[in-house]
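Colleague: Sharing a structure here in structure tokens format.
The values are calculated or read from the model by the stated rules, or taken from the named source; none is laboratory data. Small disclaimer: the values here were computed from a predicted structure and weren't measured. Quick reminder, even Gly has a Cβ in these numbers, built from the backbone with ideal geometry, and neighbours come from all protein chains shown. Side chains included, ligands, DNA and RNA excluded: accessible areas come from the protein's heavy atoms. Shrake-Rupley method; radii C 1.70, N 1.55, O 1.52, S 1.80 Å.
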Amino acid sequence: MRAGFPDFRLGKVLATSFTATLTERHGNAVERIPTPHRLVDWLAVNGLAVDSCTTAQLDLARELRESIHAAATAAAIQDALPPAAVQVINDCSAEGRAAAILTPEGKRQWRLSSASCVEDALSVIAADAISIIAGERDGKLALCASPTCQAAFFDTSQSRTRKWCDMNTCGNRQKKARFNANQRKHPRSAE
Ligand SMILES: [Zn+2]
């Protein structure tokens with residue numbers, strides 16, 4: 001990780017890991033890909049390594065990110081999908097040329113058409129978003145219960161009752177807040 005930049009929030013789902021590069025959308029928002037180079041870093045961590053990224057490509061990536069966020073949020077609350085967001089996701093999906101490659105070890109890798117092609121990487125992310133929004137995968141879109149977060153996440157828990165986008169951040173903060181509130185209510189009982 002590069003010093004001086006906020007860490008990435010990485011989950012198991014590519015599309016929602018990507019939307020989590022902006023966190024606390026309803027609080028003090030944290031931009032985790034503030035520079036083109038940080039997007040390069042993020043893509044590398046997610047198996048979509050590119051050599052370089054321009055400011056225009058970063059802008060496009062952020063446009064895709066917010067479009068996925070908007071569409072996934074609508075899907076989570078069973079609202080109509082915003083047409084502009086759907087358009088951006090579809091354009092990004094159609095734009096890129098990435099091929100799924102099966103390794104000898106039986107793992108999937110992505111091969112981009114060229115190392116400078118951020119658009120190829122974005123097409124993989126867009127296609128991932130389409131698969132979860134369209135309900136093609138086992139899981140359910142939900143919104144994080146933290147009022148300052150409200151991130152759309154993909155719940156793959158058996159009971160489908162996950163409340164937070166991330167247990168280590170939003171979940172923990174909520175638990176701590178509850179604990180502190182209890183302490184204030186019953187200051188003696190904790191001693
Ligand atoms: Zn959250």
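Colleague: Tell me whether segment 140-150 contains one or more residues that are closer than 28 Å to residue 47 by Cα, more than 15 Å from the ligand (Cβ to nearest atom), in contact with a strand residue (DSSP E or B) (Cβ under 7 Å, 6 or more places away or on another chain) and open to solvent by less than 60 Å² (accessible area, probe 1.4 Å).
Modeller: No - not one qualifying residue is present in segment 140-150.
Colleague: Just to be sure before I move on: is residue 174 buried (at least 17 other Cβ atoms within 10 Å of the Cβ) and part of a helix (DSSP H, G or I) in the structure I sent?
Modeller: Considered against the rule, which asks whether it is buried (at least 17 other Cβ atoms within 10 Å of the Cβ) and part of a helix (DSSP H, G or I), residue 174 comes out as yes.
Colleague: Given the structure, is residue 110 open to solvent by 30 Å² or more (accessible area, probe 1.4 Å), within 16 Å of the ligand (Cβ to nearest atom), in contact with a Gly (Cβ under 7 Å, 6 or more places away or on another chain) and not charged (D, E, K, R)?
Modeller: Details: open to solvent by 30 Å² or more (accessible area, probe 1.4 Å): yes; within 16 Å of the ligand (Cβ to nearest atom): no; in contact with a Gly (Cβ under 7 Å, 6 or more places away or on another chain): yes; not charged (D, E, K, R): yes.
So residue 110 does not fit the description; no.
Colleague: Then there's this: With the checklist (1) within 16 Å of the ligand (Cβ to nearest atom); (2) touching a Pro at 6+ places or on another chain (Cβ under 7 Å) in hand, flag the one item residue 58 doesn't pass.
Modeller: Failed condition: (1).
Colleague: Quick one: how many residues across segment 49-104 are of a type in the set (S, T, N, Q) and open to solvent by 60 Å² or more (accessible area, probe 1.4 Å)?
Modeller: Matching residues across segment 49-104 total 5.
Colleague: Here is a further query. Find all pairs meeting these conditions: Cβ atoms under 7 angstrom apart; at least six residues apart or on different chains; first residue within segment 155-179 and free of Cβ contacts under 8 Å to residues at least 24 places away in the same chain and among the basic types (Lys, Arg); second residue more than 10 Å from the ligand (Cβ to nearest atom) and open to solvent by 40 Å² or more (accessible area, probe 1.4 Å).
Modeller: 160/140
Colleague: For segment 151-160, which positions are in a loop (DSSP other than H, G, I, E, B), within 16 Å of the ligand (Cβ to nearest atom) and under 19 Å from residue 79 (Cβ atoms)?
Modeller: Listed by number, the list holds a single entry, 151.
Colleague: Checking the condition in contact (Cβ under 8 Å) with a residue 24 or more places away in the chain, open to solvent by less than 60 Å² (accessible area, probe 1.4 Å) and outside any helix (DSSP H, G or I), which residue from 115, 121 passes? So that I can check it myself, show each step before the final result.
Modeller: Numbers: 121 fails: outside any helix (DSSP H, G or I).
Matching residue, one of 115, 121: 115.
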